[in-house]
Amino acid sequence: MLSDPELWNRIEAVVFDEANCSFPFSARLARENNWNAGEALAAIDEYKKFVYLAKCCDHPVTPSVEVDQVWHLHLTYTRHYWGVFSDALGAPLHHDPTVGGRTEQRKFENFYRATLKLYEREFGTPAPDKFWPNVTVRFAPAPTRSGDNRTFTIPLIPIRDVPKALLRSSLALLTFITVLLAASGIATAHGSFSGENTFDALLNSCVHIFNKHFTEAVAVAGGVLVGGYLLFRSKQGRNGGDSGCGSSSDSNGSGCSSGCAGGD
């Protein structure tokens, strides 16, 4: 049962997506974490529950990686975060890096266990595994962490999701491969078409090379495209997460601060 229903009502009422915005907060959150629209909205709801726990409890709390992704993005919306959101909380909620190390991680593991228990006590139901995995999964090494956007998977890639710079680079590479193959065969091709001028020899050489190696060239370019896309997503994930974050009251009682066990 909620210990502070009034606080929860204020937090729950906070709107994250601006009206008449073509690319609202939830859409950006979905794109940056490979979530669909429903998953992004559900993650925002879990984030609201986390900040409620951070404010109502008398001990530090730690978010899941998924919830922390919402927190990180929200921090970049400074007017909203330090405006209506802080007003709803009644005090600022700070996110500060920690010194890191194994000792710090063990501390945040304990904070996380306490957070899961507090979640169940306040909301009357266990935290959903999808957004609040158990401690072992939560603090597992990043490449094997379930649900983390740093996990390496090979999805079906909609063309609209592929960065334009990567598309341009792949097309440029395909062109380069084509020219290289043509150039490598020009000498022998020129000998085969000795009665033709250089331009005709090059043209015929390109036709000859394309007939023989076009599939290989496309396969190489496709591999670069897929590999580059996965690299892009993995770098994006590394820029967005930590191995642990906690929240606790400031010494002056004016708000909350958090720390991250690991790189921030």
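The values are calculated or read from the model by the stated rules, or taken from the named source; none is laboratory data. If you're wondering where the values come from, they're calculated on a predicted model, not measured in any experiment. We place every Cβ from the backbone using ideal geometry, glycine too, and count neighbours over all the protein chains shown. With ligands, DNA and RNA removed, areas are computed over all heavy atoms of the protein, side chains included. Shrake-Rupley method; radii C 1.70, N 1.55, O 1.52, S 1.80 Å.
Elements of the type helices (runs of 4 or more DSSP H) sitting completely within the range 1-106 and holding at least 1 residues that are small (Gly, Ala, Ser), open to solvent by 10 Å² or more (accessible area, probe 1.4 Å) and over 25 Å from LYS130 (Cα atoms): these cover 86-89. Consider HIS59 carefully, then state whether it is in contact (Cβ under 8 Å) with a residue 60 or more places away in the chain and farther than 30 Å from THR136 by Cβ. No; evaluated as a whole, the condition is false for this residue.
Cβ-Cβ contacts under 9 Å between residues 6 or more apart (or on different chains), taken from a first residue in the range 77-93 that is free of Cβ contacts under 8 Å to residues at least 40 places away in the same chain to a second residue that is open to solvent by less than 20 Å² (accessible area, probe 1.4 Å) and assigned to a helix (DSSP H, G or I), are listed as TYR81/HIS74. Within the range 1-15, residues that are within 11 Å of GLY90 (Cα to Cα) reach partners that are among the small types (Gly, Ala, Ser) and surrounded by 12 or more Cβ atoms within 10 Å (Cβ to Cβ) with beta carbons closer than 8 Å, at six or more positions or on different chains, in the pairs LEU7/GLY90; ARG10/ALA88; ARG10/GLY90; ILE11/ALA88.
Any chance the range 91-98 includes a residue that's of a type outside the set (Gly, Ala, Ser), at pLDDT 95 or above, more than 17 Å from the chain's Cα centre (by Cα) and within 27 Å of GLU18 (Cα to Cα)? No, because not a single residue in the range 91-98 is of a type outside the set (Gly, Ala, Ser), at pLDDT 95 or above, more than 17 Å from the chain's Cα centre (by Cα) and within 27 Å of GLU18 (Cα to Cα).
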